[in-house]
Structures are given as C-alpha cells and as structure tokens.
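All of the numbers you see were taken from the coordinates with simple rules; none came from a lab. Quick caveat, the model's predicted, so the values are computed rather than measured. Backbone-built Cβ (ideal geometry, glycine too); neighbour counts: all protein chains shown.
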Amino acid sequence: MAARILMIDDDNRLAGMVQDYLGGAGFRVTIAGTAGDGETLLKRESFDALILDLMLPDADGLDFCRRLRQSNDVPILMLTARGEPMDRVVGLELGADDYLAKPFEPRELQARLRAILRRKGTTTTTDVLRFGRLEIDKGSRVVRIDGEERPITSYQFALLMALAERAGRVLSRDALMDLLKGEKLEAFDRSVDVHISRIRAAIEDDPKKPRRILTLRGTGYVFAKDQDR
Amino acid sequence: MQRLYLQFYITILVVLAVFVGAAVLLWRLADDDNRTPQYLDVAAELTGALLPDIDAPKQDQQRAIEVLQRKLRFDIALYEPDGDMIAMAGKPPPRFNPMHARTGWRRGPGGPNFTLQLPDGRWLVARQVRERPNPALWIAAALGLVAVAVAIAAYPVVRGLGRRLERLKAGVEQLGGGDLSARVRVEGRDEVAALAASFNRSAQRIEELVTAHRLLLANASHELRTPLARIAVAASLLGENADAKTRDSLKQDVAELDQLIEQILLASRLEALPTLERREPVDLLALAAEEASHYDLEVEGEPVMVSGDRLLLRRLIRNLVENAQRYGGSGPITVTVTREGSRAVLDVSDHGPGVPEAERQRIFEPFYRLAGGAETGRGSGLGLALVLDIARRHGGDAACLAAEGGGSRFRVELPATGGEG
C-alpha cells in the first residue's frame, strides 16, 4: 500500500510539483496550505509521514511541530531555509525526525522520506549515526545510503565506526590501528588503505572523488562531518 | 583622559582659594586704615565725662577705672598726658609710650588694644581680655572652614555628575560596539537625565530599525528561496529526456543563487553580532580537507586545533577556495594547513594573474572588484569580506600575498589551541 504523506507548505506550486514527483515514486501526497488545514486533516485522517515547512502563514513551523508531538508520533520531515543552523538543531530537538534545506533535490527528499518511514516504529534511533544521506546503524551493523543497504565486512564496519565517531578529526593510520586493536582481523590481513578503498567503493557516490572519507597525504584520514550540503 | 568631574572640582577649589585670599587681603587693607573715625572723638568725650577730673585724687581715679574694668571686662590703664600711669585695673598693660600713641584700635602682644586720648590729654588704654584668638586668624580660619565645607559638599555632587556621564559614555560605547539592547539608567530630572533619556530613545529606534532590516532580509531570503526551491525541483523533474547539459547548468545556477542568498544573510547576521555565537574545538586540517573535497582539491599539512564556530570557519575556507577557483586561472590550487608557533595558518594559493600590491588590502572590502579585472558576473562581492570578518572574529587575521611563481596566496592566521593532532 502506498505511504500516505501530508505536506504542509504555503507554496502551492512547489507542493504540487512534490506531489507529482512523489506520486510517481509510489507515495500518496495530500497538501495543506496552512497549519490550520494541516491540523484538521491530521485529526480526520491518518498519515504515515509529514513534510512540514518551517515558515507557515498562520504559524511558526517549530511551534506547530512541538504542539503536534504532544499528541501525535507521526514522523516529521522539516523543510527549512539553508544557513540557519539553529533551526536545524531546534527542529530536531522539538521532535522532527529529519530536516531538509530549501532548495532541495527531489531525489533527496524521497530518500529521506523513505528513511524516516523505515525508522518508524523502531525506537532505538540513537544507535544510528546519520551524515546527510549516509546512515550507520550501530545496532545492526549496517550501512545505508539513501536508505539502501551497502555491503561491507565487519572489520570495515568497525573501521568506518572508528572514523565516523571522530568525524571532523584527522586520524593517522597508527591511531586507526590502535582503535581497531580489539577487532578480529579478516582471514587475510590487508592494510588500512585497502580497507578504506573498499569502504569508499561501498559508500561514496564516486569512489575516485571521495566526499565522505578523505585522504590527507602523509597524515592520515578524516571522516567528513558535514555531508549534507 | 581628562576627567570632567575633576575639572569641575578643581575649578571649585581654585575659586574658593581665591575667595579666601581676597577676603583676607581686603580685611588687612581695611585694618590699616589710619584715619580716626568720628565716633572715637565722641567716645573720648564720653569717657572723659565718666572719669574724675585729671586733678582728682589718685584713689578716685583708681576706683573709677576699676568700675569701668568690671563693666567692660577689659584690662584698663589710665596715663598722664606725658605717659605716667595714674591708675590701672586687670592685668598690667604693656609699656605705654605717648609719643607713638594714637587713638583707635591697635594690635598688640596681649590682644587688640583700644587707645583713647581724653579731651584733657590723659590716655586711656583698654585691652580686651584674651578669650578668643587673634581675630585675623579667626576670620581666616572661619573662611577656611567654609571653604573646606564647600569643598566637601561639592565633591559628591560633582563626582555624581561625573559618574552619570561616565555611565552614559559606557552606554554609548556598548551601543557602538554592536549591542543594540544597550540602555542607560535615567537619574534625576536635569540635562544629563534628558540626555540619557534621549540616548535611550535613539537606541530604541536604532534597535527597531536594525531588527526590521534583519527581518526584511531574512524574509526576503526566504521569499527568494521559495521560487528557487521550485526551480530546483522543476529541473529534476525535467527527467531523462531533457538535455543533460542544460539541466546541470540550471542546477548550478540554482546552487549559486542559493549561495549568494546565504552569503548576504550571513553578512547581515554577522553585522549584528559583536562576538561568536558558539565555540567548539575544530580540526582545521580536517575541515579544510572536507571543504576542499567538494572542489576535488587535496589539502596538505599538519592537524591543528582551533577554537571557533565550525560553520563560520567552513564558510571562510569555502570562500577562499571558491575565490581561487574563480579568479585563480587554470593552474593548480594548493591548500595547506600548518602550525606556526601558537598560530594555525591556512594558505590557499593559485596560479592566476595575482593581485597588484596596491589592491591587496582593498580586495577584502565588501563589493570591491579588481580594477581592470574581467567582469565575470559571479560571486557576491562579499566572499573575501566575510573571510576577513570571520578571521578577525576568531582573533586572527587574513591577508593577500604574492604566491611564489605568480598568482595569489591568501593566508589566514588563527589562534591555535593546545594539543596537536
């Protein structure tokens, strides 16, 4: 059955385009132009997810989000304007499940929608590290891009975790080896560099132009902290 | 700085000193007036009438003098015209010399003397019993006391005025420093209070205007992003059958416009903020590598930690790299992060035409464009201005230098924190 999405945005034309696009991808999108209309619809029908614009003509998206959370646990994806970092943090603190900055790629909207729909019901979201389109699920030791699982070995997963948990810091090869001391090695030992290139093949859009795991010649590796630009 | 209250106070003290000095001087001049006033002649006649005749027995004269002494509480002595003493009462008078005697008040060793020549030629010398010190000293002391009292009373008033003006100054400086919520306490109902009130009104007005301005910018940027979001979605919806080149160029334009809006919004937000909103430890090398990767550039150097706003530092690096890509010609761009003593140094070098020495400072001004430079029509004109602003906000600086082998080298120095790596 198609997932039912409610989109609350005062931009009718944008909402219309999103409706068409997501409709083609198998979602059933209902549009509300104001927070009031949205609330009425939410009371009358049930939705699987909510796309909520931060700036609404009759309400502040953050207030609406906070109020809604008190009575409803429908997954919420906030649409915000880029460049206001506070909004992002606050939006998530108030109970939004994810956010996306306008202007956005419809492909990314769809990926994030699928991600929050899949997460629905699983309560242990704290075990998931999220970097833009990349999800690292500590609990089930699975890596996903746009909600799609990518195959890596257990050792590579540990290596990726070591990097991701220290995102934004340069780690030397020695430091990485130290962090992975306790991990059981694979049948045949390979250098960190080889494992890194395997992980890249799995999670980078273009392994030749890595955006997530970067090499610093002569120094080591760094896992990019801000991947959602 | 010359303190206003001290100026006031010193003026008051000087005026008091001049006043006391003038009073003493005047008093002395008046004292030296040698004329015998009319009333002394009358006093002489009256005294002569009260006393027995010059020929009366000495006992009578002595009795009369004693009576006078009891009534007046003066030491009194009566002399013959030639200076021989006839009678006296009270303490013995100083030696009397009729050659120098003159009717009137005189200062003497035992206090002021009153000398009176009676109509019959006898001399009466009366000396006030010393109960008070010399009246000259007395008056000077009294004047001095008044001066001290005025000086003490004036101090808190003048100091208070000074303090209020200093508080006003602090308020003005706080406002000038960018804190638009700065207000001062309005005390009293005088001109200073009126000035404080009018400062508060002005500050209120400025705050309202700036808030309105920022709101306008924020709203405008939101309004601009709304159609931009539509264009971005529409470009994706063109689908596979659309010309890939057109679609990519459309997407790039959307991204560029989005960046432009963000830069303007950031510049206006920074203008209103005197300090950093947040600080966290940032690995500058890692951050540079992250940013450079979006331009397919590699970064070299050593890990250096700085304390700062990650988002702003990201913006700083991005602007430098973008600037190098835009104006740096076709040669390779190098990005390095090093540690020099207590400074973290970020270098972005290109192989473009470089910047003439005379313009190396000016290119950091908002909307400044190189003279004779090709009008590329790209960039917000705020990129380098933001770089400098962000560097200074972190206690560092940015400069444009000449790169070895031509081109420009943009160098940003930031205070490094503690441990390496």
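Counting only residues 5 or more places away or on other chains, whose amide H sits under 5 Å from the amide H of residue A:102 once H atoms are built in the peptide plane?
A:80, A:81, A:82
Rounded, prolate or oblate: which fits the range A:1-50, taking a ≥ b ≥ c as square roots of the Cα gyration tensor eigenvalues, rounded meaning a/c under 1.5, else prolate when a/b beats b/c?
Details: a/c = 3.24, a/b = 1.15, b/c = 2.81.
Oblate, because a/c is 1.5 or more while a/b does not exceed b/c.
Tell me which residues come under 5 Å, amide H to amide H, from residue A:131 once H is placed; ignore anything under 5 positions away on its chain.
Long-range HN contacts for residue A:131: A:136.
Read phi for every residue in the range B:170-177 and hand back ³J(HN,Hα) as whole Hz from Karplus 6.51 cos²θ - 1.76 cosθ + 1.60, θ = phi - 60°, with x for Gly and Pro.
Once rounded to whole Hz, the list reads 4, x, 4, 5, 4, 5, x, x.
Positive end of the charge dipole of the protein assembly as shown (Lys, Arg +1 and Asp, Glu -1 on Cβ, about the Cα centre): tell me which of A:162, B:195, A:207 has its Cα farthest that way.
It is B:195.
According to a simple spin-label model (label point 7 Å from Cα along Cα-to-Cβ), what is the distance in nm between residue B:326 and residue A:12?
Those two pseudo-labels are separated by 3.8 nm.
Considering the options A:145, A:32, A:96, tell which one lies farthest towards the positive end of the dipole of chain A, charges being +1 on Lys and Arg and -1 on Asp and Glu at the Cβ, about the Cα centre.
Of the candidates, A:145 comes out farthest on the positive side.
How do B:342-349, A:18-25, B:276-283 rank on mean C-beta neighbours within 10 Å, highest first? All intermediate terms of the calculation are to be shown ahead of the outcome.
Numbers: B:342-349: 21.5, A:18-25: 17.5, B:276-283: 16.0.
Going by the mean number of other Cβ atoms within 10 Å, highest first, we get B:342-349, A:18-25, B:276-283.
Return the calculated 222 nm mean residue ellipticity for chain B, to the nearest 500 deg cm²/dmol, obtained by summing -39500 (n - 2.57) across DSSP H runs with n ≥ 4 and dividing by the residue count.
It lands at -17500 deg cm²/dmol.
Given R₀ = 35 Å, FRET efficiency for residue A:28-residue B:217 by Cβ-Cβ distance, to 0.05?
On the way: r = 38 Å, r/R0 = 1.08.
With a Förster radius of 35 Å, E is 0.40.
Placing unit charges on C-beta atoms (Lys and Arg positive, Asp and Glu negative, everything else neutral), compute the dipole magnitude of chain A about its Cα centre in debye, rounded to 20. Write out the running numbers ahead of the final one.
Values: 38 positive and 38 negative charges, 172 e Å.
For this selection, approximately 820 debye.
What's the angle, to the nearest 10 degrees (0 to 90), between helix B:38-50's Cα axis and the longest principal axis of chain B?
Approximately 40 degrees, to the nearest ten.
Of the options B:324, B:304, B:341, report the single residue whose Cα projects farthest towards the positive end of the charge dipole of the range B:280-415 (beta-carbon charges: Lys, Arg +1; Asp, Glu -1).
Ranked along the dipole, the leading option is B:324.
For chain B, which semi-axes, largest first and in whole Å, follow from the square roots of 5 times the eigenvalues of its Cα gyration tensor?
In descending order, the three semi-axes are 102, 23, 17 Å.
Less than 16 Å apart at the alpha-carbon level, and either on another chain or at least 8 residues along: which lysines does that give for residue B:71?
Those lysines meeting the cut-off are B:91.
Using all Cα-Cα distances in chain A, what percent lands in each 5 angstrom bin from 0 up to the longest?
Binned Cα distances yield the sequence 1, 6, 13, 17, 16, 13, 10, 8, 6, 4, 2, 1, 0.
Need the list of aspartates and glutamates near residue B:245 for cross-linking: C-alpha distance under 18 angstrom, and skip anything on the same chain fewer than eight residues off.
Hits, sequence-local ones excluded: A:105, B:253, B:256.
Can you report the principal axis dimensions of the protein assembly as shown using only the alpha carbons, biggest first, rounded to whole angstrom?
For the protein assembly as shown, the Cα extents along the three principal axes come out at 153, 67, 60 Å.
With +1 on each Lys and Arg Cβ and -1 on each Asp and Glu Cβ, how big is the dipole of chain B about its Cα centre, in debye rounded to the nearest 20?
In total the dipole reaches around 2000 debye.
Just to confirm a number: summing +1 for Lys and Arg and -1 for Asp and Glu over residues other than residue B:9 whose beta-carbon lies under 12 angstrom from that of residue B:9, what do you get?
Net local charge, residue B:9 excluded: +2.
Run the dipole for the range A:142-223 about the Cα centre, Lys and Arg Cβ at +1, Asp and Glu Cβ at -1, nothing else charged, and hand back the magnitude in debye, nearest 20.
260
With labels modelled as points extended 7 Å from the Cα through the Cβ direction, what inter-label distance (nm, one decimal) is found for residue B:246 paired with residue A:63?
A separation of 4.5 nm, rounded to one decimal place.
At what distance in angstrom do the alpha carbon centres of the range B:320-374 and the range B:62-110 lie from each other?
Measuring centre to centre over Cα atoms gives 106 Å.
Taking beta carbons within 10 Å but only from partner chains, what does the mean come to for residues B:282-288?
Numbers: counts 3, 8, 1, 6, 15, 7, 3.
Average per residue, whole number: 6.
Normalised by the number of residues in chain A, what is the relative contact order in percent for Cα pairs under 8 Å and 6+ residues apart?
About 12 percent, as a whole number.
The range B:378-408 to the range A:1-51: how many Å between their Cα centroids?
Value for the Cα centre distance between the two parts: 45 Å.
I want the antiparallel fraction of DSSP beta bridges within chain A, as a percent rounded to 5.
Antiparallel bridges make up about 50 percent of those DSSP assigns within chain A.
Sort out for me the Cα centre separation of the range A:162-181 from the range A:127-145, rounded to whole Å.
Between the Cα centre of the range A:162-181 and that of the range A:127-145, the gap is 18 Å.
Identify all aspartates and glutamates with a Cα-Cα distance to residue B:58 below 13 Å; exclude those on the same chain that are fewer than 8 residues away in sequence.
Residue B:58 reaches B:66, B:80, B:84.
State, as an integer percentage, the relative contact order of the range B:302-359 based on alpha-carbon contacts under 8 Å between residues 6 or more apart.
35
Could you work out how far helix A:61-71 tilts from the main Cα principal axis of chain A, as a 0 to 90 degree angle to the nearest 10?
Compared with the principal axis, the helix lies near 90 degrees.
Can you say what percent of the DSSP beta bridges in the range A:3-121, counting only those with both residues inside, are antiparallel? Round to 5.
About 5 percent, rounded to the nearest 5.
The range B:303-367: which chymotrypsin sites (Phe, Trp or Tyr not before Pro) are DSSP loop and have at most 16 other beta-carbon atoms within 10 angstrom?
Numbers: sites: B:327, B:364, B:367; in loops: B:367.
Of the chymotrypsin sites (Phe, Trp or Tyr not before Pro), the ones in loops of the range B:303-367 whose Cβ has at most 16 other Cβ atoms within 10 Å are B:367.
With a ≥ b ≥ c taken as the square roots of the eigenvalues of the C-alpha gyration tensor of the range B:34-131, please select rounded if a/c is under 1.5 and otherwise prolate if a/b is larger than b/c or oblate if it is not?
Note, shape of the range B:34-131 comes out rounded.
Applying the Karplus parametrisation 6.51 cos²θ - 1.76 cosθ + 1.60 with θ = phi - 60° to the phi angles of the range B:78-93, what ³J(HN,Hα) value in whole Hz is obtained for each residue in order, glycine and proline being reported as x?
For the range B:78-93, the Karplus-derived couplings read 10, 10, 5, x, 8, x, 6, 6, 9, 8, 7, 9, x, 5, x, x Hz, x marking Gly and Pro.
Can you list the residues, at least 5 places off or on another chain, whose amide H is less than 5 Å from the amide H of residue B:401, using H built in the peptide plane?
B:409, B:410, B:411
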